[in-house]
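Here is the structure we will look at, set down as structure tokens.
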Amino acid sequence: MTQQTLAEEKKNTQEQEETYEVRDIPGGVIKALQAHTAPERGRYALNHVHVEGPEMVAADGASLAVVTLPGELGKETLYRIPKPKFGKNKPVTLTRQNGQIRAEQSDGSSAKLEVYKEAPENMHFPNYRQVIPSDKQGTVFMVNIKRLQNALELLSCAGHDTARITAKQGDCPFRVDGYGEGIGGMKTTVVISPMIDEK
């Protein structure tokens, strides 16, 4: 084995073992993101949560939730998140390494640990930024009440006391933003949008 081959293997191992960690995420944020996914099998863009840098994104084909975390979680990957059993307001630490995200919630006396596996490498999320409307849209909107409740629940979990709604008149998409920053500097946008085609 040549010295160059050894160096390349070492580099690949280091890249594989690179660790990303983000602390102090309310458990309710993870639960609300999972609520914005769809139960359909095989549709990775809809039943997985998209992770890229500081953003976690979930879509169910009609609604889109985007959470900007206070730290980075690495390159673009999709993760399957089963229904989390975390407490809503207790902080969660996400650690990403070697093809999985470990989510841990501890209150000093007890701890809960969940492990989320990544989707196959050839699965990619659509360009969700294309469906997010600008802040200059109208103010009249129509939306499924359950989706609106999910959107407001996510904002509440992220630490927003109030919300601003902008919409395309008489139709979707619309977006719900928390004013300012949430807990730990998190920024949250929830968008009720047209069907997202999986590519």
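Please treat every number below as a calculation from the coordinates, not as lab data. In this text the structure is predicted, and so the values were computed from the model without any measurement. Neighbour counts are summed over all protein chains in view; Cβ atoms, including those assigned to glycine, are modelled from backbone coordinates with ideal geometry.
Only counting other Cβ atoms within 10 Å, I'd like 161, 60 sorted with the fewest neighbours first.
Values: 161 10, 60 20.
So the ranking, lowest neighbour count to highest, is 161, 60.
Enumerate the calculated ³J(HN,Hα) couplings along the stretch 76-86 in order (Karplus 6.51 cos²θ - 1.76 cosθ + 1.60, θ = phi - 60°), each rounded to whole Hz, writing x wherever the residue is Gly or Pro.
5, 7, 9, 10, 8, 10, x, 4, x, 10, 6
For a footprinting-style exposure proxy, rank 134, 106 by other Cβ within 10 Å, fewest first.
On the way: 134 8, 106 13.
Least crowded to most crowded, the residues run 134, 106.
Among 162, 93, 188, rank each residue by its count of other Cβ atoms within 10 Å, from fewest to most, as a rough exposure measure.
162, 93, 188
Can you give me the distance in nm between label points at residue 162 and residue 144, each placed 7 Å from the Cα along the Cα-to-Cβ direction?
Taking the simple label geometry, residue 162 and residue 144 are separated by 3.0 nm.
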